[in-house]
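Enquirer: Here it is, the structure, as structure tokens.
The values are calculated or read from the model by the stated rules, or taken from the named source; none is laboratory data. Please read these numbers as outputs of a predicted model, since none were measured by experiment. Ideal geometry is used to build each Cβ from the backbone, glycine not excepted, and the neighbour counts take in all protein chains shown. Side chains included, ligands, DNA and RNA excluded: accessible areas come from the protein's heavy atoms. Shrake-Rupley method; radii C 1.70, N 1.55, O 1.52, S 1.80 Å.
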Protein chains: 2
Amino acid sequence: MTGEHSSKQYDTDLETIRSKVLLMGGLVERQFQEAINVFRNGNLDAAERVIKDDDQVNRLEIELDDACSHLIVRRQPTANDLRTVMATIKVITDLERIGDEAAKIARTAIHLHKRGAGTIDHTETVRVIAAGAADLLHDALDALARLDEKQAMRLIAQDVVIDRDFRSIMRNLITFMMEDPRTISASMDTLWVAKAIERIGDHAKNIAEYVIYIVEGKDIRHTDYATGQLDESDV
Amino acid sequence: MTGEHSSKQYDTDLETIRSKVLLMGGLVERQFQEAINVFRNGNLDAAERVIKDDDQVNRLEIELDDACSHLIVRRQPTANDLRTVMATIKVITDLERIGDEAAKIARTAIHLHKRGAGTIDHTETVRVIAAGAADLLHDALDALARLDEKQAMRLIAQDVVIDRDFRSIMRNLITFMMEDPRTISASMDTLWVAKAIERIGDHAKNIAEYVIYIVEGKDIRHTDYATGQLDESDV
């Protein structure tokens, strides 16, 4: 096998993996959007679909991990090519976790709708953070598809806004619960949904970091740049 | 280079990585233990140490990811050996996240102690779940060190108990907040700490799953066995 042949085969295999990762990305993006719809309208069938879609996401995770292993063994990539495969393995884990969080949102939404949200406008409470996280996820997948490092850099700063939104939601819900303890159960459900959304933002930011790692070979995890130099509590 | 030489070199390199992963494991285990102590006694210096230790954990993550990449490129492991490296890459991510959660516990603990826990016995509230998660983490690292698949299998069932403990804490805190809304802020801090502990349990369970994967080459993620056949909400 000539070097060129091996390299072409490598490119083909990698392209197959890349398409499947983007397929998985599209799936969790839809899953997240549907979960937010369920939170809004309490549609039980839609909730079941979100939870069921998680099986497909989980299957894709295992398939893709296997595909990455096989690629490494068969094609023995160079250090440079291997960087892309390593980053892909990490991206797959983040996508799977986004699917988990979407399923959690759907389950909590059903819980909330069955019991009634009371006086809380739960949809309005998470509207801004949900839109922010959906944009961030969409743009991170887009940056991954186009290997657009500049866009990825911008997204890392956007996650800081989502973290701030979450802390503000938490403070408001605590005030609300104190003023009217009958809203505590519904407030808690809303808070878990906000937390799941904030985590989806974190995973999208991780994906953006891996895009930069692929393009630049620079590991920016745990740098001031990546954390937005925040030293506030991120709970 | 003969096959034998290459294989010996591979073993040496892998052994170096394994020791460093176990070092990282010991570090996050201590970090978690210290964070729980801070939650108990509110010691500000100790909290700073937990948060500072996270830098070292983050550095180890990047170093270990690099070491794994270099191992793959230089030694070109067989499918079987590569499985161990792939699982190691995933274990490193879980260890890093445990460090994050420990730092969160320390930050929330300081927050709680500065403001006062009021009538909540916050230490008692998380005592059982903290002990359960500490045992699970310790035993998962032990199973990883000895590649003890049977122990790893037992641990996966233990995580179900931790998830149940968490749901019970959440129900109790909600009742508490409803009965006395003045406890809401302190209850919320305690709840975030319980949530961080529950997540540490999840990460320890992931490590146990990777031990089984290394030993058996069986991917048990997302099977009924791995989830303990739970279909309850895991928020």
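Enquirer: What does the accessible area of B:Thr175 come to, in Å² to the nearest 10, when a probe of 1.4 Å is used?
Expert: Spelled out: B:Thr175, probe radius 1.4 Å, area about 70 Å².
Enquirer: How high is the relative contact order of region B:3-227, given as a whole-number percent (alpha carbon pairs under 8 Å, six or more residues apart)?
Expert: Normalised by residue count, the contact order of region B:3-227 is 26 percent.
Enquirer: On to the next question. Over 25 Å between C-alpha atoms is what I'm after, so list which of A:Lys20/A:Lys195; A:Lys195/B:Lys205; A:Lys205/B:Lys195 land there.
Expert: Long pairs (Cα-Cα over 25 Å): A:Lys20/A:Lys195.
Enquirer: Work out the charge dipole of the protein assembly as shown with +1 on the Cβ of Lys and Arg and -1 on the Cβ of Asp and Glu about the Cα centre, then indicate which of B:Leu71, B:Thr190, B:Ala140 is farthest towards its positive end.
Expert: Among B:Leu71, B:Thr190, B:Ala140, the one farthest towards the positive end of the dipole of the protein assembly as shown is B:Thr190.
Enquirer: Here's something else I'd like to know. Report the normalised scattering of region A:3-227 as log10 I(q)/I(0) at q = 0.09, 0.14, 0.16 Å⁻¹, calculated by the Debye formula with identical scatterers on the alpha carbons.
Expert: Here the Debye-derived log intensity ratios amount to -0.41, -0.85, -1.04.
Enquirer: Taking the Cα centre of region A:132-211 as origin and charging only Cβ (+1 Lys, Arg; -1 Asp, Glu), how large is the dipole, in debye to the nearest 20?
Expert: The calculation lands at about 140 debye.
Enquirer: Then there is this: With +1 on the Cβ of every Lys and Arg and -1 on the Cβ of every Asp and Glu, and nothing else charged, how large is the dipole of the protein assembly as shown about its Cα centre, in debye rounded to the nearest 20?
Expert: 340
Enquirer: Then there's this: Any idea of the accessible area per residue across chain A, 1.4 Å probe, to the nearest Å²?
Expert: Each residue of chain A exposes 43 Å² on average to a 1.4 Å probe.
Enquirer: Relative to the other copies, what are the label-point distances for A:Leu22, with labels 7 Å from Cα along the C-beta vector, expressed in nm at one decimal and sorted shortest first?
Expert: When each copy's label point is compared with this one, the spacings are 4.4 nm.
Enquirer: Using 0.36 nm times the number of residues separating A:Leu22 and A:Val128, minus their current alpha carbon distance, what extension gain do you get?
Expert: That pair, A:Leu22 and A:Val128, stretches by 35.6 nm at full extension.
Enquirer: Can you pull the one-decimal nm distance between simple spin-label points at A:Arg40 and B:Thr12, each 7 Å off the Cα toward Cβ?
Expert: Result: 6.2 nm between the two label points.
Enquirer: If you don't mind, there's one more thing I want to ask. Residue separation times 0.36 nm, minus the C-alpha to C-alpha distance between A:Asn172 and A:Lys150: what's the value?
Expert: Working it through step by step, the gained length comes to 4.5 nm.
Enquirer: Now, a different point. Could you pull the copy-to-copy label distances for A:Gly116, with points set 7 Å along Cα to Cβ, in nm to one decimal and sorted shortest first?
Expert: Spacings between copies for this position, smallest first, are 3.6 nm.
Enquirer: Here's another thing I want to ask about it. How about region A:73-88: which of its residues lose at least 10 Å² of accessible area in the presence of all protein chains relative to their chain isolated, using a 1.4 Å probe?
Expert: Correct list: A:Val73, A:Gln76, A:Pro77, A:Ala79, A:Leu82, A:Met86.
Enquirer: Rounded to a whole number, what % of the accessible area of region B:1-97 do carbon and sulfur atoms account for, probe 1.4 Å?
Expert: Numbers: 2220 of 4540 Å².
C and S atoms contribute 49 percent here.
Enquirer: Summed for both chains, how many Å² of accessible area, to the nearest 100, are buried between A and B with a 1.4 Å probe?
Expert: 4200
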